[in-house]
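> The structure that follows is given in the form of structure tokens.
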Amino acid sequence: MVQKTVTLPLTDDKVRDLKAGDQVLLNGDVYAARDAAHKRLLARIKNNEALPIRLQGEVIYYVGPTPAKPGQIIGSAGPTTSERMDKYTPELLLLGLKGMIGKGYRSEAVKEAIQTYNAVYFAAIGGSGALLSKKIESETIVAYEDLGPEAIRRLTIKDFPVTVINDCYGNDWYEQAAAIYQKGEKH
């Protein structure tokens with residue numbers, strides 16, 4: 001595994017430099033969006049309507065943060081299960097989305113789309129929402145405020161720790177790590 005620091009937004013070259021298993025510290029802006037927001041985005045796409053956010057080179061973090069306590073920028077902000085966004089993801093990648101942050105496996109269709117559109121899927125550690133929230137420097141609702149915690153937010157992150165799970169070369173870290181474990185090898 002290699003430790004890397006990446007400044008967002010993502011470019012094709014930055015994506016090509018990321019390999020399954022790389023430990024990455026992300027810096028810059030990401031969009032927070034979950035199921036309900038994805039559903040609305042796809043409805044707009046299907047109706048040929050403008051999107052409320054720019055997708056080109058962007059990263060979406062699958063998170064619905066809890067309300068901030070006094071003195072905090074944001075509440076707990078841990079990743080949600082990525083699989084729930086799989087039915088929306090290929091279309092968003094087609095429109096220029098370059099990365100996603102979540103937890104868990106992705107479907108074969110999403111993994112193929114990641115390769116086709118030169119993108120990357122990162123995992124953040126589930127159950128660590130309180131710790132991850134400390135890596136968020138600012139938060140602004142940019143669309144669908146009526147969705148509450150599922151509104152689309154722009155988050156500015158600093159040294160946000162993630163692992164590359166699916167890279168643009170078709171590699172899957174979950175599969176690779178399982179094979180290493182099965183063989184009893186150290187990595």
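Readers should treat all values here as calculations from the given coordinates under stated rules, not as data from a laboratory. Since the structure is predicted, the reported quantities are computational estimates derived from the model, not experimental observations. Here the Cβ positions follow ideal geometry from the backbone for every residue, glycine too, while neighbour counts run over all protein chains shown.
> For region 82-187, what size does the Cα cloud have along each of its three principal axes, sorted from largest down, in whole Å?
The principal-axis extents, from largest down, are 48, 32, 21 Å.
> Can you give the extra length, in nm with one decimal, that the chain gains between Glu83 and Asn47 once fully stretched, where that is 0.36 nm per residue apart less the Cα-Cα distance?
Once the chain is fully extended between Glu83 and Asn47, it gains 10.5 nm.
> Report the residue, chosen from Asp35, Asp12, Asp146, that carries the largest GNM mean-square fluctuation when the chain is represented by alpha-carbon nodes joined by springs under 10 Å.
Of Asp35, Asp12, Asp146, the most mobile in the Gaussian network model is Asp146.
> Let me ask something else. Taking 1 over the mean of 1/r across every pair of different Cα atoms in the chain, what Kirkwood radius in Å do you get?
16.5 Å
> Would you mind ranking Val162, Val110 so that the residue whose beta carbon has the fewest other beta carbons within 10 Å leads the list?
Placing the least packed residue first, the sequence is Val110, Val162.
> So, in Å, what gap is there between the alpha-carbon centers of region 106-121 and region 143-187?
13 Å
> Next question. So who's got an amide H within less than 5 Å of the one on Gly78, skipping anything under 5 residues away but keeping other chains? H placed 1.01 Å off N, in plane.
Those qualifying (amide H under 5 Å, at least 5 residues apart or on another chain) are Gly129.
> Region 32-128: which trypsin sites (Lys or Arg not before Pro) are DSSP loop and have at most 15 other beta-carbon atoms within 10 angstrom?
Answer by residue number: Arg54, Lys87.
> Of all GluC sites (Glu not before Pro) in region 33-128, which ones are in loop regions per DSSP and have a Cβ with at most 13 other Cβ atoms within 10 Å?
Qualifying residues, ordered by number: Glu49.
> Let me ask you something else. Hey, can you grab everything whose amide H is under 5 Å from the amide H of Glu137? Only 5+ residues off in sequence or another chain; H modelled, so Pro and N-termini drop out.
Counting only residues 5 or more places away or on other chains, the set is Thr156, Ile157, Lys158.
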